[in-house]
Amino acid sequence: MNDTTRTRSRRGRALTREGVREQRRTALRVLLARADRGALTPGDANQLRDLAEAEIAECETFRRSAGGQQTAALKLRHRIDAAEQAMQEIEAERDQYAAEAEALRRSAGEGKR
């Protein structure tokens, strides 16, 4: 399997994103360590800002996505609850009609005697 095929799959894209994220976080840790020592250059400061902004943007994207997924899951839960309620009502009607049919069979059987 080549890299092109891997990046086309969902798992491949996820692995690529994870790799980029890990590189960014590693660079952030290095820059923060430099800042702790007071050895941050103006270029390092710009890079730190860019990396932090990228992390924030990605976090916001995932937060919005998670919110949408939670909303979709809640809608599905409501649909499942409604379907279960409908099934209970249909089963109750079935039982009622079965009892009525049985009563009709009995009365028809008694009428033949």
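At-a-glance table
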{"quantity": "Some residue of segment 81-100 being open to solvent by 90 Å² or more (accessible area, probe 1.4 Å), within 30 Å of residue 17 (Cα to Cα) and either assigned to a helix (DSSP H, G or I) or in contact with a strand residue (DSSP E or B) (Cβ under 8 Å, 6 or more places away or on another chain) (or both)", "calculated": "no"}
{"quantity": "Test: residue in segment 43-56 that is open to solvent by 70 Å² or more (accessible area, probe 1.4 Å) and either touching a residue at least 12 places away in the same chain (Cβ under 8 Å) or of a type in the set (Gly, Ala, Ser) (or both)", "calculated": "yes"}
{"quantity": "Filtered residues of segment 30-67 (kept if of a type in the set (Gly, Ala, Ser) and not in a loop (DSSP other than H, G, I, E, B))", "calculated": "33, 35, 43, 45, 52, 54, 57, 65, 66, 67"}
{"quantity": "Inter-residue pairs, beta-carbon under 8 Å, first in a helix (DSSP H, G or I) and in segment 15-29, second surrounded by 13 or more Cβ atoms within 10 Å (Cβ to Cβ) and of a type in the set (Gly, Ala, Ser), 6+ apart", "calculated": "24/54; 28/52"}
{"quantity": "Hits in segment 10-40 - residues which are over 28 Å from the mean Cα position of the chain (by Cα) and acidic (Asp, Glu)", "calculated": "36"}
{"quantity": "Verdict on residue 110 being part of a helix (DSSP H, G or I) and surrounded by fewer than 10 Cβ atoms within 10 Å (Cβ to Cβ)", "calculated": "yes"}
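Residues are listed down the side, and each one gets a yes or a no for (1) farther than 30 Å from residue 25 by Cα; (2) at pLDDT 95 or above; (3) out of contact with any Cys (no Cβ under 9 Å at 6 or more places or on another chain):
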| residue | (1), (2), (3) |
| --- | --- |
| 49 | no, no, yes |
| 54 | no, no, yes |
| 58 | no, no, yes |
| 61 | no, no, yes |
| 66 | no, no, yes |
| 78 | yes, yes, yes |
| 100 | yes, yes, yes |
| 110 | yes, no, yes |
| 113 | yes, no, yes |
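The values are calculated or read from the model by the stated rules, or taken from the named source; none is laboratory data. Here the structure is a predicted model, which means the values were calculated and not measured. Please note: Cβ atoms are built from the backbone with ideal geometry, for glycine as well, and neighbour counts cover all protein chains shown. Just so you know, the surface numbers come from the protein's heavy atoms only, side chains and all, with ligands and any DNA or RNA stripped out. Shrake-Rupley method; radii C 1.70, N 1.55, O 1.52, S 1.80 Å.
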